[in-house]
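Worksheet: the structure to be examined is printed underneath.
Derivation of every value follows stated rules applied to the coordinates shown; laboratory data play no part. Computed from a predicted structure; not experimentally measured. FYI the Cβ positions are ideal-geometry reconstructions off the backbone, even for glycines, and counts take in every protein chain you see.
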Amino acid sequence: MLGLKLPTDPRWVNIVEKNIEEILTDHAFCEQKATSTAISLIVSFPEYTELIQEMVALVKEEISHFKMVHDKILERGWVLGRDRRDDYVIELVKFFPKGGSRTTQLVHRLLYAALIEARSCERFRLLSEELKDKELADFYRNLMVSEANHYTMFLGFARQYGNKKEVDAKWQQLLEYEAKIISNLGTSEKVHG
């Protein structure tokens with residue numbers, strides 16, 4: 001369903017289980033960045049009314065996810081640490097050239113967002129199936145569904161606002177590029193690491 005070209009090695013969950021505090025901190029900041037992305041799309045592309053409506057709803061949902069993850073951190077007696085560098089996203093956003101028309105810029109941003117959500121969904125599925133901590137496994141199962149919805153929403157908007165054939169070709173190229181990035185990751189307790 002997600003179209004990812006390279007699945008995450010399930011052994012990544014073993015790395016995560018050794019440091020739950022780290023994955024929760026990284027996850028909290030991922031939710032914060034997702035909120036920020038939705039706000040940025042509202043600010044950058046206000047003329048796309050349907051997109052704006054969905055992004056307003058997404059801001060509310062993502063910030064509520066941030067709170068849920070932050071609550072998990074507090075319940076365990078921890079404090080939210082500092083934001084971590086996200087090498088996955090840093091590398092991913094190098095794929096499309098800068099510039100182009102406003103529509104091209106929008107489509108590229110939507111495709112990046114779709115792929116980040118797809119990979120998060122895939123990782124959350126693994127956590128929901130493999131974590132020994134059943135409470136946390138259930139937590140990630142519920143979030144996995146949201147991530148899948150976000151992925152399809154972003155990809156749908158990219159196809160709606162761009163030329164569908166071109167968007168689909170770019171999506172496939174981006175998926176291939178992402179597989180190369182992910183092949184070098186999966187060794188740390190990060191949502192995309």
Among residues belonging to region 95-120 that are in contact with a Phe, Trp or Tyr (Cβ under 9 Å, 6 or more places away or on another chain) and of a type in the set (Lys, Arg), point out the one that is nearest to residue 12 (Cα to Cα).
119
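Among the candidates 157, 139, single out the residue that is out of contact with any Ser or Thr (no Cβ under 9 Å at 6 or more places or on another chain), in contact (Cβ under 8 Å) with a residue 60 or more places away in the chain and in a helix (DSSP H, G or I). I'd like the intermediate steps shown before the answer.
Working: 139 fails: out of contact with any Ser or Thr (no Cβ under 9 Å at 6 or more places or on another chain).
None of the other options fit; the residue is 157.
One line per residue, one yes/no per condition, for (1) under 29 Å from residue 49 (Cα atoms); (2) surrounded by 19 or more Cβ atoms within 10 Å (Cβ to Cβ); (3) β-branched (Val, Ile, Thr):
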position: 133; (1), (2), (3): no, no, no
position: 157; (1), (2), (3): yes, yes, no
position: 168; (1), (2), (3): yes, no, no
position: 181; (1), (2), (3): no, yes, yes
